[in-house]
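The values are calculated or read from the model by the stated rules, or taken from the named source; none is laboratory data. Since the structure is predicted, the reported quantities are computational estimates derived from the model, not experimental observations. Here the Cβ positions follow ideal geometry from the backbone for every residue, glycine too, while neighbour counts run over all protein chains shown. The area values use the complete protein model at the heavy-atom level, side chains included, leaving out ligands, DNA and RNA. Shrake-Rupley method; radii C 1.70, N 1.55, O 1.52, S 1.80 Å.
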Amino acid sequence: MQIQVLGCQGGIGEAGATTAFLINQDTLIDAGSGLGHLSSAQLAEIRQVFLTHAHLDHIAFLPFLLDSQFEHFQYHPLQVFALAEVQHQLQAHIFNWHIWPDFSRLPDENAPVMHWHPIKAQQKLRLDGLQITPFALQHVVPCVGYVVQDAQACVAVCGDTGGDDTALALLTQHLQGYQTLDAIIIECALPDHLQALARQSGHMTPLDIKHLHQGLPQIAHFYISHLKPRYAQAIRDQLAMHLPVETFTLLQEGDLLTFHTSERQPVS
Ligand SMILES: [Zn+2]
Ligand SMILES: [Zn+2]
């Protein structure tokens, strides 16, 4: 399994772009501004998008993807998987003909360029050699992460999540069900001194990552994403204080993560 990091920042600036991970060229998890790094030919290879939640930093470029590949998607419609609440939020507030057209009715209601697939937590989805299982996360809006498995590897890609005891218990409880996990991609948006803001906004701090790390020893490696750019240095320093250096990596745009279970060594 290969995961290409198109965007992994919690904001823009400093050449950063927001969350978008491309799995094996044709499957996206989230469609933030990182999607803007792909060429037209690469965009045309995308077959399905799995959304974690409706926040703008995770969906902002989905409307542009549909528009820019409209002719292509008429023959190969884009499949969009999301919680029913997320679908309703995007239909009400983005694809409402005021902000952007409703591509699930274009060019023809019976043959649109975009198909919605409402998902539920714990419902296993199988496609093209991958098994993708959504799991619930506690954020300020309905949110999931996805465990992505193929014959070689098993990786958890999390949406945004709070870091209090309840949120960590929810995350830990689900992931403990997997005997081995090659990696987790997890957010760490804010530094420790802004823990109150992190609690209010449903985000993680380095100290929360430390607690999660202690609760999930079977995860081989932690990949950290979604740093708010203005706090990036503080978050980096605090993570280095809390975690053994060999157990985590701060994701960078352009990283290509390749997972082979047999080697147990994710290569970035
Ligand atoms: Zn969010
Ligand atoms: Zn976010």
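In this structure, the amide hydrogen of residue 106, modeled 1.01 Å from its nitrogen in the peptide plane, lies closer than 5 angstrom to those of 113, 114, counting only residues at least 5 positions away or on a different chain.
Local charge for residue 140 was computed over the other residues whose Cβ lies under 14 Å away, with Lys and Arg +1 and Asp and Glu -1, and equals -4. Rounded to the nearest 20, the Cβ-based charge dipole of the chain about its Cα centre (Lys and Arg +1, Asp and Glu -1) stands at 380 debye.
Looking only at region 46-85, which residues have a backbone nitrogen under 18 Å from a spot 7 Å from the Cα of residue 39 in the C-beta direction? What the label zone holds, given the 18 Å backbone N cut-off, is 46-47, 68-69, 72.
Counting only DSSP beta bridges with both residues in the chain, tell me the antiparallel percent, nearest 5.
Numbers: 26 of 51 bridges.
So the antiparallel bridges amount to about 50 percent of the total.
Note on the chain: with a GNM built from Cα contacts shorter than 10 Å, the maximum mean-square fluctuation among 183, 41, 220 falls on 41.
Kindly report the accessible area of the chain per residue (heavy atoms of protein chains, probe 1.4 Å, no ligands, DNA or RNA), in Å². Present the calculation step by step, with values, prior to reporting the outcome.
Working: 11440 Å² over 268 residues.
Roughly 43 Å² per residue, with all protein chains present.
Modelled label-to-label distance, residue 74 and residue 252, 7 Å Cα→beta-carbon offset: nm? Each label point lies 7 Å from its Cα, and together they span 4.3 nm.
Using the Kirkwood radius over Cα pairs, work out the Stokes-Einstein diffusion coefficient for the chain at 4 °C and 1.567 mPa s, in µm²/s as a whole number.
Details: Rh = 18.6 Å.
Value of D from the Cα-based Kirkwood radius: 70 µm²/s.
Per-residue accessible area (protein heavy atoms, 1.4 Å probe) orders 208, 165 as 165, 208, starting from the largest. Sequentially through region 239-250, phi angles give Karplus couplings (6.51, -1.76, 1.60; θ = phi - 60°) of 4, 5, 6, 8, 10, x, 4, 7, 9, 9, 9, 7 Hz, Gly and Pro residues having no value and appearing as x.
Centroid-to-centroid, using Cα positions, region 58-93 and region 128-207 are 23 Å apart. Calculated from the alpha-carbon coordinates, region 139-268 shows an Rg and a Dmax of 14.0, 42 Å respectively. Sorting 231, 223 by accessible area puts them as 231, 223; the probe is 1.4 Å, largest comes first, and only protein heavy atoms count. Can you pull the one-decimal nm distance between simple spin-label points at residue 2 and residue 196, each 7 Å off the Cα toward Cβ? In this crude label model, residue 2 to residue 196 measures out at 4.7 nm. Over all pairs of different C-alpha atoms, region 60-153 has a mean inverse distance whose reciprocal, the Kirkwood radius, equals 14.6 Å. A Gaussian network model of the chain, with springs between Cα atoms under 10 Å, assigns the largest mean-square fluctuation among 166, 249, 205 to 166.
The residues neighbouring residue 187, those whose beta-carbon lies less than 12 Å from its own, together hold a net charge of -3 under the Lys/Arg +1, Asp/Glu -1 convention. With all protein chains in place and a 1.4 Å probe, the accessible surface of region 2-258 carries 53 percent carbon and sulfur. For the set 199, 105, the ranking by accessible area, highest first and with no ligand, DNA or RNA atoms included, is 105, 199 under a 1.4 Å probe.
Packing order of peptides 138-151, 70-83, highest average first: 138-151, 70-83 (average count of other Cβ atoms within 10 Å over each peptide's residues). So what's the net charge close to residue 103: Lys and Arg +1, Asp and Glu -1, counting the other residues with Cβ under 13 Å from its Cβ? Charge balance in the 13 Å sphere: -4. Springs join every pair of Cα atoms under 10 Å in this Gaussian network model of the chain, and among 99, 46, 119 the largest mean-square fluctuation is at 99.
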